[in-house]
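Notes follow the structure.
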Amino acid sequence: MKTWFITGGTPGGFGQAYADAALELGDNVVLTARRPQLLDDWARPHGGRALVLPLDVTDTQQIREAVHTAEKHFGGIDVLVNNAGRGWYGSIEGTADADVRRSFELNFFSITEILRAVLPGMRARGSGWIINMSSVAGLRGVPGFGYYSAAKFALEGLTEVLRQEVAPFGINVLAVEPAAFRTRAYSSFADERVSETVDAYQPFIESVRTSMIEQNGRQPGDPYRGVRAVVNATKQDKPPHRLVLGATGYETIHEQLESMIEELRAHQAASRSADFPPGS
């Protein structure tokens, strides 16, 4: 029996889907949320196998307390799912500095703090799984969500290096890149006005907001099917390093990588010309 520690437990989202999948496997679950009372009805039928904890992932002290409580309650954390996060729309030039920092605090720096809290226990036991929920936007940037994309690109880089650093300790690391999934990720956009500081981008960002509102509840991705794909991937003899979720996501990233390879090859001569001549 394993113990899962899952952040971002908002009802109807990926966090709850991971929790349900873990419970179906017979494992224990620690599900965290900023408003844990919303999970009371969900947790009640599972008795002692599900522990709901309050957690604002941008609060380092709360992170340490939640991890300590989870380890004390279940004896350790075997699977960490870094799921908490969200996007804000805005242009690169016109997004307020406070919003830029807020995006990185939630979508990147909070994950580094959770990793630092959980990894010592995994290293001591010589095993573990870390699942970092990235995004298709972490492999191909999305106009109007530039700073969210940048944070997810940073998470991709962190995950790549982390995988190599912790492998000697028996710890596996997977980056998961979902496309548009039918969670509550878009549900708050209708209540959030555009706050661009540069008027020139206002019409474009308004159109981005409108598109997100119109897509809410109609996204093609099923979070439960997505989580099932992730769980199955972790059971493979040779697990993938990253897993794109959703047909649209697959097509988007396939096109992106092919374009990058084509461009790389087209400029091969320029790339190679930058070295000192052989024998220099």
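The values are calculated or read from the model by the stated rules, or taken from the named source; none is laboratory data. Remember, it's a predicted structure, so these values are computed and weren't measured experimentally. With ideal geometry, Cβ positions are generated from the backbone for all residues, glycine too; neighbour counts draw on all protein chains shown. Each accessible area value is taken on the protein alone, full model and side chains, heavy atoms only, with ligands, DNA and RNA left out. Shrake-Rupley method; radii C 1.70, N 1.55, O 1.52, S 1.80 Å.
Things worth noting here:
- Solvent-accessible area per residue in the chain equals 53 Å², computed with a 1.4 angstrom probe and all protein chains kept.
- Calculated [θ] (222 nm, deg cm²/dmol) that DSSP helices of n ≥ 4 give over the chain, each run adding -39,500 (n - 2.57): -14000 deg cm²/dmol
- Dipole of the chain, positive end: most advanced residue of Trp88, Phe169, Gly8 [Cβ charges, Cα centre]: Phe169
- Gained length - Glu160 relative to Ser195, 0.36 nm times residue gap less alpha-carbon distance: 9.2 nm
- Packing around the peptides 54-65, 107-118, taken as the average count of other Cβ atoms within 10 Å per residue, puts them in this order, highest first: 107-118, 54-65.
- Think of each Lys and Arg Cβ as +1 and each Asp and Glu Cβ as -1; about the Cα centre, that makes the dipole of the range 1-113 roughly 200 debye.
- Candidate values (i) 62, 52, 41; (ii) 109, 51, 40; (iii) 61, 56, 35, label of the one derived for Cα extents along the principal axes in Å: (iii)
- When the Gaussian network model of the chain links Cα atoms closer than 10 Å, the mean-square fluctuations of Ala17, Ala84, Ala167 top out at Ala167.
- Cα centroids of the range 38-73 and the range 184-246: 25 Å apart.
- Fraction of accessible area attributable to carbon and sulfur, the chain (%, probe 1.4 Å): 52 percent
- Between Arg49 and Ser207, the contour length at 0.36 nm per residue exceeds the Cα-Cα span by 52.4 nm.
- Farthest towards the positive end of the charge dipole of the range 186-280, among the residues Gln215, Ser259, Asn232, is the Cα of Asn232, using unit charges on the Cβ of Lys, Arg, Asp and Glu.
- Amide H contacts of Leu53: Leu31, Thr32, Ala33, each under 5 Å away and 5 or more positions distant or on a separate chain (H built 1.01 Å from N in the peptide plane; Pro and chain starts excluded).
- Overall, the chain carries a charge dipole of about 860 debye about its Cα centre when +1 sits on the Cβ of Lys and Arg and -1 on the Cβ of Asp and Glu, all other atoms neutral.
- For Ile63, net neighbour charge (Lys/Arg +1, Asp/Glu -1) across residues whose Cβ lies under 10 Å away: -2
- Couplings 3J(HN,Hα) of the range 161-168, computed from phi: 6, 4, 4, 6, 6, 9, 4, x Hz, in residue order, whole Hz [Karplus 6.51 cos²θ - 1.76 cosθ + 1.60, θ = phi - 60°; x for Gly and Pro].
- Geometric extent, Cα atoms of the range 121-271 - Rg, Dmax (angstrom): 18.2, 55
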